[in-house]
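One structure is given here, and the rest of the page talks about it.
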Amino acid sequence: MQLLKEATIPVLAIEGNHDNRPYGTKTSWLRYLADWGLLMLLEPGDVSAGEPFYFPWEDKRGGYIDLPCGVRVLGSSWYGASAPKAIEQIATAIQALPPSPGASILLFHHGLENQIARYAGALRYTDLLPLRQAGVDYLALGHIHKNYEVEGWIFNPGSVEANNIEESRYERGVYLVEIDQTGIRAELKRDYYQRPVVQLRVTAQGNETVEGIEREAISQVEQAVLEGKLDPTAQAIVELRIEGHVGFDRLELDIRRLQQQLQQLSNALIFLLKYNAESVTYVSPVGEEASRTQVEQEVFMDLLTANNTYKHRAPEFAQGLINLKDLHLDGRSEEELYAFVEDLLGE
């Protein structure tokens with residue numbers, strides 16, 4: 001920002017939902033930057049204190065500025081759920097100003113409905129129409145990290161960087177805008193360095209061992225590097241999802257150790273290992289007349305059959321577990337119990 005100041009390139013900003021000052025305080029980090037002359041923080045006046053809603057930028061304060069090129073830029077605040085009412089107030093305040101020397105741009109941090117999923121409190125297009133009627137030629141939106149344009153006067157560039165894996169699929173960037181008597185031309189610029197995001201997937205079929213799942217995860221990363229999908233020199237964000245069903249207890253897979261191994265292999269800045277696979281389960285029907293021993297036998301059989309390491313000897317091991325339980329209830333020593341297990345696992 002100091003470089004921009006030295007190049008006499010003005011920076012105009014407003015507060016968003018992550019920038020607004022806490023209730024009852026008089027300043028924010030953007031206000032500090034404005035006081036240092038690094039940007040122009042366009043914010044409406046305090047009407048309750050007798051200030052006009054919009055007054056021109058002067059002495060590092062103001063709600064709007066008429067640039068030398070003839071464009072008027074107006075600011076706003078973060079309004080959250082009260083945005084529709086705030087829009088009416090903004091529109092009224094704009095109409096009370098002296099005529100704009102040229103086109104009018106309003107900076108407004110909010111999002112429109114139907115642009116992304118799971119976004120509560122989005123504005124409807126009709127909510128914004130009072131601004132159009134008040135003379136806003138270009139509405140510069142924010143908040144949603146995805147590029148979109150509406151009706152030739154509403155523009156949202158999206159974030160310059162992805163904030164999560166889902167956003168890596170969005171087109172986003174920075175607008176280069178030209179406004180003259182013939183209209184508005186907004187070109188989305190993306191030719192800057194955007195950190196690569198790579199998504200990989202392992203789908204378990206239920207017959208793999210722990211070692212097999214680990215080998216497949218490593219293979220996925222190695223294959224991505226070989227195909228040029230993953231560049232170890234780029235320090236990418238990498239996500240690998242393990243899905244499906246595994247034929248062992250989920251806790252047998254050491255996720256932390258595997259994640260560290262994959263991060264070193266990929267040289268990722270961040271390696272996200274999502275372990276969403278479920279253990280294979282079997283539930284054999286047991287009649288109400290079954291004895292306790294029969295119930296135990298079926299439970300052990302189900303557990304063993306769902307485990308790839310033990311399923312080939314499930315009947316033998318099921319009986320062995322029942323015998324082990326009986327030995328324990330008889331008060332046998334730990335040495336005797338371990339000796340029994342060693343014999344059971346042997347040929």
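Odds and ends about this structure:
- When the range 114-137 is filtered for residues that are more than 18 Å from GLU167 (Cβ to Cβ) and either touching a residue at least 40 places away in the same chain (Cβ under 8 Å) or assigned to a loop (DSSP other than H, G, I, E, B) (or both), the ones remaining, listed by number, are GLY121, LEU123, ARG124, ASP127, LEU128, PRO130, LEU131, GLN133, ALA134, GLY135, VAL136, ASP137.
Here is a yes/no grid of residues against (1) modelled with pLDDT under 95; (2) surrounded by 13 or more Cβ atoms within 10 Å (Cβ to Cβ); (3) among the hydroxyl-bearing types (Ser, Thr, Tyr):
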{"position": "SER76", "(1), (2), (3)": "no, yes, yes"}
{"position": "LEU139", "(1), (2), (3)": "no, yes, no"}
{"position": "VAL150", "(1), (2), (3)": "no, yes, no"}
{"position": "GLU167", "(1), (2), (3)": "yes, yes, no"}
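- Strands (runs of 3 or more DSSP E) within the range 142-223 that include 3 or more residues within 30 Å of ASN20 (Cα to Cα) and among the β-branched types (Val, Ile, Thr): 174-180
- Any hit, the range 335-343, residues being surrounded by 12 or more Cβ atoms within 10 Å (Cβ to Cβ), modelled with pLDDT of 85 or more, among the aliphatic types (A, V, I, L, M) and touching a His at 6+ places or on another chain (Cβ under 7 Å): yes
- Unique match (being within 28 Å of ASP35 (Cα to Cα) and not small (Gly, Ala, Ser)) among TYR79, TYR125, TYR119: TYR79
The values are calculated or read from the model by the stated rules, or taken from the named source; none is laboratory data. The structure presented is a predicted model; accordingly, all values stated were derived computationally and were not measured. A quick note on method: Cβ atoms are made from the backbone with ideal geometry, for glycine too, and the neighbour counts reach across all protein chains shown.
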